[in-house]
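In what follows, a single structure is set out as structure tokens and then discussed.
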Amino acid sequence: WLVKTNSNGVEEWNQTFGGSENDEAYSVQQTTDGGYIITGYTRSYGNGVSDVWLIKTNSQGIEEWNQTFGGTDWDMGYSVQQTSDNGFILVGYTSSFGNGEPNDVWLIKTDSNGDSLWTKTFGGSSSDLGFSVQQTVDSGYIIAGYTQSYGNGSGDVWLVKTNSNGNEEWNQTFGGSEFDEASSV
């Protein structure tokens, strides 16, 4: 459900997207053309149990295109940002691809039409999720989430820095013996 309000919070319009199954959005950003980019997951469309869903709208919230990314298992998108080349960067998790079970951080770079340019996974033998991504001033990306594969406890904050091609430059964990996670960077 995409809702546009004025500066006083009064609704100007709303649009819904989805099919007969559960479809959820976790992140929205206004794009440079005045439209909106949305990511989350869909169980109505795609390849598997759930797929990452990327929806582009015009300034009135009317869908211009959508793309799904995923395999036969659970795949979800949690954060999207328009990049300096007018494409998009998404982060979430994948259970269909990657290094471990049950899931890995999944970073997806698309062009301006939502077509995948590359994808990268980060993680180990346990659960690793990415909740937030931003493009950095060096045209790389910074990801925040949590890892159960590395760190000190049952889950630690995980910060991963990549270059412009999504290749890891460094990562850091933060946390104690209990569960810690980051939702935004």
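All of the numbers you see were taken from the coordinates with simple rules; none came from a lab. Because the structure is predicted, anything quoted here is derived from the model rather than measured. FYI the Cβ positions are ideal-geometry reconstructions off the backbone, even for glycines, and counts take in every protein chain you see.
Taking a quarter of the surface of the convex hull around the Cα atoms of the chain, what do you get in nm²?
10.9 nm²
Using the Cα centre as the reference, give the magnitude of the dipole from point charges on the C-beta atoms of the stretch 95-185 (Lys, Arg: +1; Asp, Glu: -1; all else neutral), rounded to the nearest 20 debye.
Result for the stretch 95-185 is approximately 160 debye, rounded to the nearest 20.
So what are the ³J(HN,Hα) numbers for the stretch 57-68, from phi and the Karplus equation (6.51, -1.76, 1.60; θ = phi - 60°), rounded to whole Hz, Gly and Pro as x?
Running phi through 6.51 cos²θ - 1.76 cosθ + 1.60 with θ = phi - 60° gives 10, 8, 5, 9, x, 7, 4, 9, 6, 8, 9, 10 Hz.
Pick out, from 2, 149, 172, the residue whose Cα sits farthest towards the positive end of the charge dipole of the chain, with +1 on the Cβ of Lys and Arg and -1 on the Cβ of Asp and Glu.
The one lying farthest along the dipole's positive direction is 2.
Could you work out, for the stretch 1-83, what percent of all Cα-Cα pairs fall into each 10 Å distance bin, beginning at 0 Å and stopping at the bin that holds the largest distance?
The percentages, shortest bin first, are 19, 49, 26, 6, 0.
Would you kindly state how much longer the chain becomes between residue 118 and residue 174 on full extension, computed as 0.36 nm times their sequence separation minus their alpha carbon distance, in nm to one decimal?
Here the answer is 17.4 nm.
Under 5 Å between amide H atoms, partner at least 5 residues away or on a different chain: which partners does residue 180 have, H built in plane at 1.01 Å?
When sequence neighbours closer than 5 places are left aside, the close amide H contacts are 155, 156, 157.
So, R0 is 22 Å and r is the distance between the beta-carbons of residue 181 and residue 1; what FRET efficiency does that work out to, to 0.05?
0.30
What is the magnitude of the charge dipole of the chain about its Cα centre, with +1 placed on the Cβ of each Lys and Arg, -1 on the Cβ of each Asp and Glu, and no other charges, expressed in debye to the nearest 20?
200 debye
Kindly provide log₁₀ I(q)/I(0) values, in the same order as q = 0.19, 0.26 Å⁻¹, from the Debye equation applied to equal alpha-carbon scatterers of the stretch 64-117.
Summing over Cα pairs of the stretch 64-117 leads to -0.64, -1.02.
State the Kirkwood hydrodynamic radius of the stretch 123-185 in Å, one decimal place, computed from all pairs of distinct Cα atoms.
11.6 Å
Would you mind putting 108-120, 169-181 in packing order, based on average other-beta-carbon counts within 10 Å, highest first?
Per-residue Cβ counts within 10 Å, averaged per peptide and sorted highest first, yield 108-120, 169-181.
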